[in-house]
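The values are calculated or read from the model by the stated rules, or taken from the named source; none is laboratory data. Owing to the predicted nature of the structure, the values given are computational and were not obtained by experimental measurement. Backbone-built Cβ (ideal geometry, glycine too); neighbour counts: all protein chains shown. For accessibility, only protein heavy atoms count, side chains too; no ligands or nucleic acids. Shrake-Rupley method; radii C 1.70, N 1.55, O 1.52, S 1.80 Å.
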Amino acid sequence: MALRVLALILLVLAAPIQACTGSPDCRSPDGPSQQCSDDAGPPWVDDEEHFGSKRYHEGTPATPVLANGECPDPLATSCATKGIKSAHLDGPIDCGGSGWFCRILPQEGWVPEGGFRDSNFAHCSTPNADEKDTDGHCHGSANDGTYGWWARDHWFRGYAGTLHCCCGWGEPMHGVVNRCDYRKFVTRVEVDTCRDANEEHNVDFGPTCEAHALKADPLDATPSQCWTVTHFADPGSVPGSAPPYSEPPSARGRPPRPAPPPPPASTLSPPPPSPSPPPSLARLPPPPSPSPP
């Protein structure tokens with residue numbers, strides 16, 4: 001018996017280490033499953049059959065954008081245990097229980113078949129925002145634990161573009177976006193019967209922009225609580241996308257920044273006078289002629 005145990009230990013030690021560090025296997029995101037019947041993509045339990053010993057997004061152009069070369073605070077633990085790309089696409093994220101919201105924005109050169117999909121919101125910095133829903137796709141949740149399941153679903157739906165996400169669902173979004181879709185947390189009891197976690201709830205988040213003061217985008221105001229991934233979505237949804245993939249450029253498609261309000265008229269002062277131009281060389285007197293010897 002002792003020899004059999006020793007042989008088993010040696011076999012385990014000799015086995016190749018999987019690339020999927022920080023997880024019991026390569027299924028992404030980590031379980032337990034929150035995948036409902038209408039979620040896009042293959043069944044999560046069959047990931048090994050479809051993707052082998054790698055995560056579904058490995059080897060794709062999707063690229064996290066790091067500020068100063070470091071993962072943002074909500075992903076720090078996941079980056080350390082799972083790697084940067086998996087942390088950005090699978091989580092788990094740590095927003096302190098405040099939830100999250102993401103915006104997928106159009107990205108030049110990374111357009112899905114038939115054009116951008118399901119544009120559903122406008123930034124409050126967009127003129128007449130409450131009359132529009134053309135800036136991109138917004139989706140979020142009050143539960144941190146839903147992030148990786150939403151990202152997987154929208155990846156396989158082909159919602160191609162640049163992904164911008166930030167911590168904070170609800171009030172932090174007031175004055176930033178006019179509306180946003182919602183995904184609920186799916187419990188183990190619900191997972192076998194749920195149809196669509198993006199629809200089977202009573203949350204209708206549409207605060208409008210008119211009802212709230214314009215606010216700085218959290219991508220600029222609290223960048224340590226936000227993360228970005230370019231070339232988001234299954235490459236198969238993007239025409240002309242085929243391996244081998246080259247390293248993509250940095251993030252594009254940032255939300256428009258709010259224009260600063262003009263200063264009050266009383267604080268305006270006349271511009272300072274322009275400095276005098278240098279004298280023209282043409283007007284300088286000629287140098288004196290040399291004296292005869």
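Our analysis of segment 113-213 gives Rg over Rh at 0.98, with the two radii drawn from alpha carbon positions and Rh computed by the Kirkwood formula.
Can you send over the carbon and sulfur percentage of the accessible area for segment 87-245, probe radius 1.4 Å, protein chains only? Ligands and nucleic acids excluded, carbon and sulfur give 49 percent. Value of Rg to Rh for segment 25-83, rounded to two decimals, is 1.02; Kirkwood radius and Rg both from alpha-carbon coordinates. Spatial offset of segment 45-80 relative to segment 116-135 amounts to 29 Å, using the alpha carbon center of each.
When you count, for each residue, the other Cβ atoms within 10 Å and take the mean per peptide, how do 151-157, 199-205 rank with the highest first? Spell out each step's value before the answer.
Working: 151-157: 22.4, 199-205: 12.6.
Answer by packing, highest mean first, reads 151-157, 199-205.
Can you order the peptides 188-196, 225-233, 81-89, 129-137 by their average number of other Cβ atoms within 10 Å per residue, highest first?
On the way: 188-196: 12.4, 225-233: 24.4, 81-89: 21.9, 129-137: 18.1.
Per-residue Cβ counts within 10 Å, averaged per peptide and sorted highest first, yield 225-233, 81-89, 129-137, 188-196.
The heavy atoms of Cys165 present about 0 square angstrom of accessible area, all protein chains included, probe 1.4 Å. What the Cα convex hull of segment 53-94 gives, in volume per residue, is 69 Å³.
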